[in-house]
1. Within the stretch 119-169, restricting attention to residues that are of a type in the set (Asp, Glu) and without any contact (Cβ under 8 Å) to a residue 12 or more places away in the chain, which residue is farthest from residue 89 (Cα to Cα)?
2. Being at pLDDT 95 or above and part of a loop (DSSP other than H, G, I, E, B) is the requirement here; does residue 19 meet it?
3. So in the stretch 119-161, with the set limited to residues that are closer than 16 Å to residue 15 by Cβ, of a type in the set (S, T, N, Q) and within 17 Å of the chain's Cα centre (by Cα), which one is surrounded by the fewest Cβ atoms within 10 Å (Cβ to Cβ)?
4. When you go through 152, 141 one by one, which is the residue that is in a helix (DSSP H, G or I), among the hydroxyl-bearing types (Ser, Thr, Tyr) and touching a strand residue (DSSP E or B) at 6+ places or on another chain (Cβ under 9 Å)?
5. Which one of 71, 53, 37, 93 is farther than 17 Å from residue 139 by Cα and under 28 Å from the mean Cα position of the chain (by Cα)?
6. Going through 70, 32 one at a time, which residue ends up being farther than 30 Å from residue 107 by Cβ and in contact (Cβ under 8 Å) with a residue 24 or more places away in the chain?
7. If you check 3, 94, 100, which single one turns out to be surrounded by fewer than 14 Cβ atoms within 10 Å (Cβ to Cβ), at pLDDT 90 or above and closer than 30 Å to residue 167 by Cβ?
Amino acid sequence: MSGAAGLVEGERLVARFHPHWKTVLQPLLILTATVVALLIVLIVVPLHSNAFAVRLGLSVLALLIIIIFTAVPLLRWRTTSYELTTRRLRLRAGIVSRSGRDFPLMRISDVSFAQGLLDRLLGCGRLIVESPGEHGQLVLTEIPRVQHVQATLFQLVEDEQQRLASEQQ
């Protein structure tokens, strides 16, 4: 029987998070640069007979840039989520259509993380989840508080192994 959040009986949500805010930094810089450039051009373009058409064209171009390079990445960031439950690692993504992938904790053989200097300063990193089988390794980038997530996931894997071992006895 499935719960309201798509969890099975006896399963509970431990943590839910989105990719680190670092992933939206570039779209926000593009937004700022586009707005500033548009304002400068609108001020500089002289008022003459076809100034309205030029200003309108530049405004439409700026709006397209903002939608494509700012709004879409922000929506993608907001609609991407990672969930740790007591039984699985769940990945969900998609703006219009949704896709999901679940990794049962009992199939995870190793959990590690990697951080560069900038990642350490910002508190994010890559989470590497290994499991035997066809897909082998899952690498999740821009995970906030990656060390904490790695430790939590490792503990959940251990707890799930103990739960399964006690059920078999």
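The values are calculated or read from the model by the stated rules, or taken from the named source; none is laboratory data. Bear in mind the structure is a predicted one, so any value in this text is a computation, not a measurement. Heads up, the Cβs are rebuilt from the backbone with ideal geometry, glycines too, and the neighbour counts pull from every protein chain shown.
1. Ranking the qualifying residues of the stretch 119-169, first place goes to 167.
2. yes
3. The qualifying residue surrounded by the fewest Cβ atoms within 10 Å (Cβ to Cβ) is 147.
4. 152
5. 71
6. On the way: 32 fails: in contact (Cβ under 8 Å) with a residue 24 or more places away in the chain.
Just a single option satisfies the conditions, and that option is 70.
7. 100
Quick grid of which residues meet (1) within 13 Å of the chain's Cα centre (by Cα); (2) of a type outside the set (Asp, Glu); (3) over 22 Å from residue 10 (Cβ atoms):
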{"residue": "79", "(1), (2), (3)": "yes, yes, yes"}
{"residue": "82", "(1), (2), (3)": "yes, yes, no"}
{"residue": "85", "(1), (2), (3)": "no, yes, no"}
{"residue": "100", "(1), (2), (3)": "yes, yes, no"}
{"residue": "117", "(1), (2), (3)": "no, yes, yes"}
